[in-house]
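The values are calculated or read from the model by the stated rules, or taken from the named source; none is laboratory data. Since we're looking at a predicted model, the values are computed, not measured. Cβ: placed from backbone, ideal geometry, glycine included. Neighbour counts: every protein chain shown.
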Amino acid sequence: MTGIRFRWALLGAAAAMLLCSAPCGAAQAYGANGNATAYSMERIKVTARKVEEDLQDVSASVSAFSGAELEDLGVNGLADLPLLVPGLGVQRFGAHNMEFNYRGIGGVTTMSKTWNINVDGVTVPYVGLDTFFDVERIEVLRGGQGALYGRNTHGGVINIVTRQPGDVKEGEVSASYSSFNTRRISGALGGPAGQTTSYRLAVQHRASDGYMENSLTGDDGTDWSDQLSLRGTVRYAPDDVTSLTCALTADTYSSANDGWANVLGGPSLTSTSGNRGTDNGGLVSGRATLTHDLGDMELTSIAAFSNSRYKLDLDYDLSAASMLDLRYRENFQTFTEELRLASTDADARLRWLTGVFFLAERTNYHTGFNTMGVWSYSDAVVDSLGGAWFGQASYDILPSLELSVGLRLDAERRTFDWQAVGGAATVDDGETWFAPLPSATLTYELAPGHKVYGSVSRGYRVGDFTANEVGAATIGKGYTVDPEFTLTSELGYKGEAAGGRLRFSTAVYHIDWDDMQVNAVVGGQQLRQNAGKAHSDGVEGEVAWAAAPGLDLFATASWMRAVFDEYENHPTGDPTGKRIPNTNECTVGAGGTYHHASGFFVAADATWFGEKYLDELNNIKQDPYLLGNARVGYKADGWSVAVFGRNLGDVRYLVRAYEIMAGVNAGVVGEPMSFGVEGLYTF
């Protein structure tokens, strides 16, 4: 009962805070027609709800950043987003491999991999999607998104929207060089290719020697990495009614896998591994997007395929001896089709969207594990065939009161073929899962530019199999994991003031997990199963302020308490009542950019990350730390140059860690202080 009382008290306090924070004279900042009377910030359009809307009109926790904003702040990868987005966590444990957690969801290191990154409306299962190039904007949705986006989005979604072909020929080239022999060069070119066709080509190459040193070999480039990315897009628009956009992306990366260190005594930049390891991957992905204007409706079709590969060799014991080693390969072959129909009159009393979704996917796994010189291998194939119907409707009950409801009916059949290499053990089985995913949001406009909303949504992580297991005995104990479900409740407030120059939003939320997918021990064997329950409570806030011409400021803050309510059969203890790992209790950030009329500019940001635990038993703790970054440069017509510094306090902090054996905690340390220079030329 104490937890229930606390949650209701938290909701009540937040509601009072939200209602009281609306300025009494807010409407005076607007003219008689409802428009801002003073200069305001650029309006950001987002497609978070699969239709184009103003960011402030979306009754949900959404953070959005234009490509220009990301460039000003020096954000060129997904790992930097927690500096700008409250309640978002990133665990980067390789040159490219990373995991996201939203309000605690995704923080458990033993959960199966999820893909909740969309590129131009398509979810691509690829670990290398950690870099931005030629990006129009980034949208980060927090909270359950199951009704519109389906499986594995019960915590949130990141939408990457790339720059599309235009009617004017243009191009750019940029390059940067920084500490650790880190270099990046990228370019883009686009424009018309006839009266009805336009194109855009983009390429980026980046590489680094890394910042880890191997004490056994003396090599100071032990965690090197190299990545080449290309994208081509063609748009055909014979008239103002129909358009077809086709895009092809290719990516390849290779890197060492020696960025781990024994962090039992604290963060360390020294590796002691005798096996440098590898971490390689590649992607080929294509997309065809068709839109057709039907007058009061618009039809959209998005067909996509991808073939991605991922291979690693990892020294688990972090020593010169070969005691624990992992060799792993996976390959995803995915085809998706989404067909949807949406109303186009944004001022209509009833606005709606409906669609269907189809998925066909095959994943091949090869896993090898060495224990004290004895290797065991397995091969597995998981075939998925899924479909869904989804819909959403928004209705203005009163001019100031809107009700929005959504529903997704998601069904998926997954088959599992597993075989122990060199052994007789085999598995040939399958499961069908069905998930109804409803959502509802009630929005009340307090005054022009100020509204409060409440929402509830159901989400789920799709069922899974222990495809990476190498032991026949463990497979024999059970290999099927049922879906994990969440119920998210959120109360939020969004507002504007000072003639549109000040925007702010805040939200309080509560999340309940059921059938959490975890690794557990059954009969002395470790396997993945549904063994957990948990909850998460939190408050988030964002402020953006155009303080003066050329001066833009922002601030973010979040507080979160994510706790295991039940965790059966943990390998080494009982996490019940413990904090969910990789979730900062508090984060507070602030920053801004200033552009002088002469062309000089400066940008800076600082984020304080509160304490967090990195393991389920809360034995490994990362104390609070502060990260600060800055950029100074000059912009002229057609070119710019800047110098920058990252982690200016040279803070040592753990990104991820877990206990391997007594006396060995394997961990990855965040990038230390670095400096660099960059330039951009446009034509």
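Remarks
- Arg183 vs. criteria under 30 Å from Val46 (Cα atoms), among the charged types (D, E, K, R) and within 27 Å of the chain's Cα centre (by Cα): no
- Residue match in segment 276-293 (condition: of a type outside the set (Phe, Trp, Tyr), within 30 Å of Gly670 (Cα to Cα) and outside any strand (DSSP E or B)): yes
- Enumeration of residues in segment 597-611 that are surrounded by fewer than 17 Cβ atoms within 10 Å (Cβ to Cβ) and out of contact with any Leu (no Cβ under 7 Å at 6 or more places or on another chain): Ala597, Ser598, Gly599, Phe600, Val602, Glu611
- In segment 605-626, the residues that are under 15 Å from Gly649 (Cβ atoms) and at pLDDT 95 or above reach residues that are in a loop (DSSP other than H, G, I, E, B) and hydroxyl-bearing (Ser, Thr, Tyr) with C-beta atoms within less than 7 angstrom, at least six apart or across chains, in these pairs: Tyr625/Tyr653.
- Matching entry among Leu350, Leu339, Leu314, Leu318 (being modelled with pLDDT of 90 or more and either surrounded by 18 or more Cβ atoms within 10 Å (Cβ to Cβ) or in contact with a Gly (Cβ under 8 Å, 6 or more places away or on another chain) (or both)): Leu339
- Test: residue in segment 340-351 that is among the acidic types (Asp, Glu) and part of a strand (DSSP E or B): no
- Among the residues making up segment 243-265, those that are part of a strand (DSSP E or B) and surrounded by fewer than 23 Cβ atoms within 10 Å (Cβ to Cβ) are Ser243, Leu244, Thr245, Cys246, Ala247, Leu248, Ala250, Asp251, Thr252, Ser254, Asn262.
Yes/no matrix, rows are residues, columns are (1) free of Cβ contacts under 8 Å to residues at least 24 places away in the same chain; (2) surrounded by fewer than 16 Cβ atoms within 10 Å (Cβ to Cβ); (3) over 28 Å from Ala472 (Cβ atoms); (4) among the aromatic types (Phe, Trp, Tyr):
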site	(1), (2), (3), (4)
Met323	no, no, no, no
Leu326	no, no, no, no
Thr344	no, yes, yes, no
Gly355	no, no, yes, no
Leu359	no, no, yes, no
Met372	no, yes, no, no
Ser376	no, no, no, no
Val382	no, no, no, no
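- Of all residues in segment 54-96, those satisfying the criterion of being part of a helix (DSSP H, G or I), touching a Lys or Arg at 6+ places or on another chain (Cβ under 8 Å) and within 28 Å of Gly500 (Cα to Cα) are Leu55, Gln56, Gly67, Asp72, Leu73.
- Flag for Val51 being in contact with a Lys or Arg (Cβ under 7 Å, 6 or more places away or on another chain) and more than 21 Å from Glu542 (Cβ to Cβ): no
- Among the residues of segment 291-317, the ones that are farther than 30 Å from Ala342 by Cβ and hydrophobic (A, V, I, L, M, F, W, C) come to 2 in all.
- When residues in segment 152-174 are screened for being touching a residue at least 24 places away in the same chain (Cβ under 8 Å) and in a loop (DSSP other than H, G, I, E, B), 10 of them pass.
- Condition check for Phe675: in contact with a helix residue (DSSP H, G or I) (Cβ under 9 Å, 6 or more places away or on another chain), part of a strand (DSSP E or B), touching a residue at least 24 places away in the same chain (Cβ under 8 Å) and surrounded by fewer than 20 Cβ atoms within 10 Å (Cβ to Cβ): no
- Qualifying positions in segment 102-121 - in contact with a helix residue (DSSP H, G or I) (Cβ under 9 Å, 6 or more places away or on another chain) and either at pLDDT 90 or above or not in a loop (DSSP other than H, G, I, E, B) (or both): Ile117, Asn118
Condition check ((1) buried (at least 18 other Cβ atoms within 10 Å of the Cβ); (2) farther than 29 Å from Phe564 by Cβ) across all residues:
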{"site": "Glu445", "(1), (2)": "no, yes"}
{"site": "Gly449", "(1), (2)": "yes, yes"}
{"site": "Ser455", "(1), (2)": "yes, no"}
{"site": "Tyr460", "(1), (2)": "yes, no"}
{"site": "Ile475", "(1), (2)": "yes, no"}
{"site": "Glu484", "(1), (2)": "yes, no"}
{"site": "Thr488", "(1), (2)": "yes, no"}
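- Per the listing Arg362, Arg408, the residue uniquely basic (Lys, Arg), closer than 24 Å to Leu341 by Cβ and part of a strand (DSSP E or B) is Arg408.
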